[in-house]
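The values are calculated or read from the model by the stated rules, or taken from the named source; none is laboratory data. Being a predicted model, the structure only gives us computed values, none of them experimental. Neighbour counts are summed over all protein chains in view; Cβ atoms, including those assigned to glycine, are modelled from backbone coordinates with ideal geometry.
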Protein chains: 2
Amino acid sequence: MLVLGLDPGLALTGWALIEGGGGRVALRDAGVWSTPAHQDQGRRLLSLWESFGELVASQAPQAVSLERLYFSRNVSTAMAVSQARGVLVCAAARAGLELHEYTPGEVKQAVTGSGSAPKRQVAKLVRLLLGDGVPLSPDDITDACAVGICHQHAAGLHRALAAGARR
Amino acid sequence: MLVLGLDPGLALTGWALIEGGGGRVALRDAGVWSTPAHQDQGRRLLSLWESFGELVASQAPQAVSLERLYFSRNVSTAMAVSQARGVLVCAAARAGLELHEYTPGEVKQAVTGSGSAPKRQVAKLVRLLLGDGVPLSPDDITDACAVGICHQHAAGLHRALAAGARR
């Protein structure tokens, strides 16, 4: 199964295509979609919509994985992120893709084994799991990889449980 | 000019088509798009995207008017609203429509003459300006009418200034 992990943002959205199966994960490709601050928000959100559409058309992931809306003290940042997130969630639904959401703790747990692991530890484990092909920056790519791995992990457990139940 | 005023929300989005010209405004049509809470958010946002597309295709407004992202103490509501708002802003850009944003104070000022008018006063003036055809509830419709009137007002001033400059 190919999962598209996303870390949404208006200025920068991290994306990562994570392949999984047989208890292993691998990176197919990753990057960022960026939109320039001087453009109006409609143009920026539309460019995000189009970038998502092009990637989905060319790579055909089966599912999209992203973090749940989180509480943030910086409300205006949270609202800008939410606008970008809404566009991506809508685009995923329009493409008929499964959408899976995880809390930050669930993502950390799946990648490092600890729900309270520091950010640096998550980044280290992402590279250990996926190899040195993961770009070191920006963080948005690492975060997109992590949430993609998290869904592969959850889907793997689900398959294992289903297989166990059939026995 | 026909303006589509919007009051975005995930559960309820108010919309109002406001015609304007020669210093007058009139209501062509208004309503709400609602999405059921039991549906997943992707399906709800997609339904908003589709409702917007259908209205724009059948009524061909030239511009979309909505309130600026506002600071809210209820962050999770603000983020859900922002997701819906992002979808509508993106859909407007995709349809090639002008997008105009106004602060709540600018909307109140345009409708009532006072930037700090209470909500009830705004609703009263909206009905005075547009007639009794404006549905009394939900508030989302009144708010969509108000922001639509606000843009007609601003566009009218802009045309008058441009005409004055040409003299």
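Do we find that A:R28 is without any contact (Cβ under 8 Å) to a residue 60 or more places away in the chain, part of a strand (DSSP E or B) and at negative phi in this structure? For A:R28, the condition - without any contact (Cβ under 8 Å) to a residue 60 or more places away in the chain, part of a strand (DSSP E or B) and at negative phi - is met.
Here B:I149 meets each of (1) farther than 22 Å from B:A30 by Cα; (2) in contact with a strand residue (DSSP E or B) (Cβ under 6 Å, 6 or more places away or on another chain) with one exception, condition (1). Taking region B:29-44, which residues are within 12 Å of chain A (Cβ to nearest Cβ) and in contact with a strand residue (DSSP E or B) (Cβ under 9 Å, 6 or more places away or on another chain)? Matches in region B:29-44: B:T35, B:D40, B:Q41, B:G42.
Of all residues in region A:149-167, those satisfying the criterion of being in contact with a Phe, Trp or Tyr (Cβ under 9 Å, 6 or more places away or on another chain) and at pLDDT 95 or above are A:C150, A:H151.
For region B:37-50, the set of residues classified as within 13 Å of B:L12 (Cα to Cα) and without any contact (Cβ under 8 Å) to a residue 24 or more places away in the chain consists of B:S47 only.
With respect to A:L55, determine if the residue is modelled with pLDDT of 95 or more, among the aliphatic types (A, V, I, L, M) and out of contact with any helix residue (DSSP H, G or I) (no Cβ under 7 Å at 6 or more places or on another chain). In short, yes. Suppose the filter is at positive phi and of a type in the set (A, V, I, L, M); does A:A60 pass it? Answer is yes for this residue. Only one of the numbered conditions (1) more than 11 Å from chain A (Cβ to nearest Cβ); (2) part of a helix (DSSP H, G or I) is not met by B:S47, and that is (1). Annotation note: of B:A60, B:A37, B:A11, B:A30, the sole residue that is surrounded by fewer than 20 Cβ atoms within 10 Å (Cβ to Cβ) and either within 14 Å of the chain's Cα centre (by Cα) or within 30 Å of B:R159 (Cβ to Cβ) (or both) is B:A60. Can you work out which of the residues in region A:89-114 that are surrounded by fewer than 18 Cβ atoms within 10 Å (Cβ to Cβ) and farther than 26 Å from B:G86 by Cα is nearest to the other protein chains (Cβ to nearest Cβ)? This residue is A:G105. Only residues that are more than 9 Å from chain A (Cβ to nearest Cβ), assigned to a helix (DSSP H, G or I) and either without any contact (Cβ under 8 Å) to a residue 24 or more places away in the chain or touching a Ser or Thr at 6+ places or on another chain (Cβ under 6 Å) (or both) were counted across region B:52-86, and they come to 4.
For region B:109-122, filtered to residues that are assigned to a helix (DSSP H, G or I) and touching a Leu at 6+ places or on another chain (Cβ under 9 Å), the residue that is nearest to B:S65 (Cα to Cα) is B:V111.
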